[in-house]
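The values are calculated or read from the model by the stated rules, or taken from the named source; none is laboratory data. Given the structure is predicted, the values throughout are model-derived calculations rather than measurements. Here the Cβ is made from the backbone with ideal geometry for all residues, glycine too, and neighbour counts use every protein chain on show. Just so you know, the surface numbers come from the protein's heavy atoms only, side chains and all, with ligands and any DNA or RNA stripped out. Shrake-Rupley method; radii C 1.70, N 1.55, O 1.52, S 1.80 Å.
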Amino acid sequence: MIELRTPTQIEQMRPAGRFVASVIKALSEKAAVGVNLLELDALAHKMIRDAGAESCYIDYHPSFGASPFGKVLCTSVNDAVLHGLPFDYVLKDGDLLSVDFAASVDGWVADSALSVIVGTPNEKDQWLIDVTQRALDAGIDAARAGNKIGDISFAIGSVAHAEGLKVNLQFGGHGVGRTMHGEPHISNDGRAGRGLKLRPGLVIAIEPWFLHTTDEITFDPDGWTIRSADGSRGAHVEHTVAITDGDPLVLTARD
Ligand code: MG
């Protein structure tokens, strides 16, 4: 079911968006050579407790998950790109880290992700991150009343194709509200002018993720962590966005 939020409800979603943005910012600042993924999870957990927020992940157990997630954060390193279960791993120079975080504040969820290079930057991974960010920006810009869901998908996919990247369609964006994952699904590639008409009050997570040289993925034995099938690295960025009468409102904007 597609649920539309009133302007008042969208105002009520702002604290969740601000909180999730603050956690993503803190994680990106803490991520450094020598930091353990479990320390990043612990930082996010402390911020949740301090804010009186609720994790969307810790008890999360969808049909594709092997068991409840057990952590509050996804950390995907190098050829891992989505749903990375934090484990005892110390970040190394040049690692490409994607963090994905969702939490509920005052009963409303926000969801955001960011990729960063740990330590010394390298051109190839920075390029992938930049393309993924441009795809997110294009998707957000298409999130306007009167457009269709397909316009968002097309905008994202067009950025990828122009750079020669393939797009996996198994995981994409989603509705956000009282829970983390709602209708509609927002594919990271598609045809303009197709699908549901966007109306003010629709709140969605837009989340392009691309791999350097493939669109095929494998699942780790942990049942969660998703990797590229060919070992190439991936990037993932995400914002929670409200469609309004005017410009799209990025609830998880970091300023
Ligand atoms: Mg997310």
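Quick notes
- Count - residues of region 100-127 that are aliphatic (A, V, I, L, M), within 15 Å of the chain's Cα centre (by Cα) and open to solvent by less than 10 Å² (accessible area, probe 1.4 Å): 5
- Check on A162, surrounded by 21 or more Cβ atoms within 10 Å (Cβ to Cβ) and either in contact with a helix residue (DSSP H, G or I) (Cβ under 9 Å, 6 or more places away or on another chain) or farther than 25 Å from D245 by Cα (or both): no
- Residue in region 206-214 that is free of Cβ contacts under 8 Å to residues at least 12 places away in the same chain and part of a loop (DSSP other than H, G, I, E, B) present: no
- Meets criteria (hydrophobic (A, V, I, L, M, F, W, C), more than 23 Å from D247 (Cα to Cα) and away from the ligand (no atom under 16 Å from the Cβ)) for L169: yes
- Subset tally (residues that are in a loop (DSSP other than H, G, I, E, B) and touching a residue at least 60 places away in the same chain (Cβ under 8 Å)) for region 145-180: 7
- Selection count, region 36-59, where residues are surrounded by 18 or more Cβ atoms within 10 Å (Cβ to Cβ) and in a loop (DSSP other than H, G, I, E, B): 3
- For region 194-247, a residue qualifies if it is acidic (D, E), within 21 Å of V72 (Cβ to Cβ) and within 18 Å of the chain's Cα centre (by Cα), and the qualifying residues are E207, E238.
- Note on region 198-215: among residues that are open to solvent by 10 Å² or more (accessible area, probe 1.4 Å) and touching an Asp or Glu at 6+ places or on another chain (Cβ under 7 Å), the one that is nearest to the ligand (Cβ to nearest atom) is E207.
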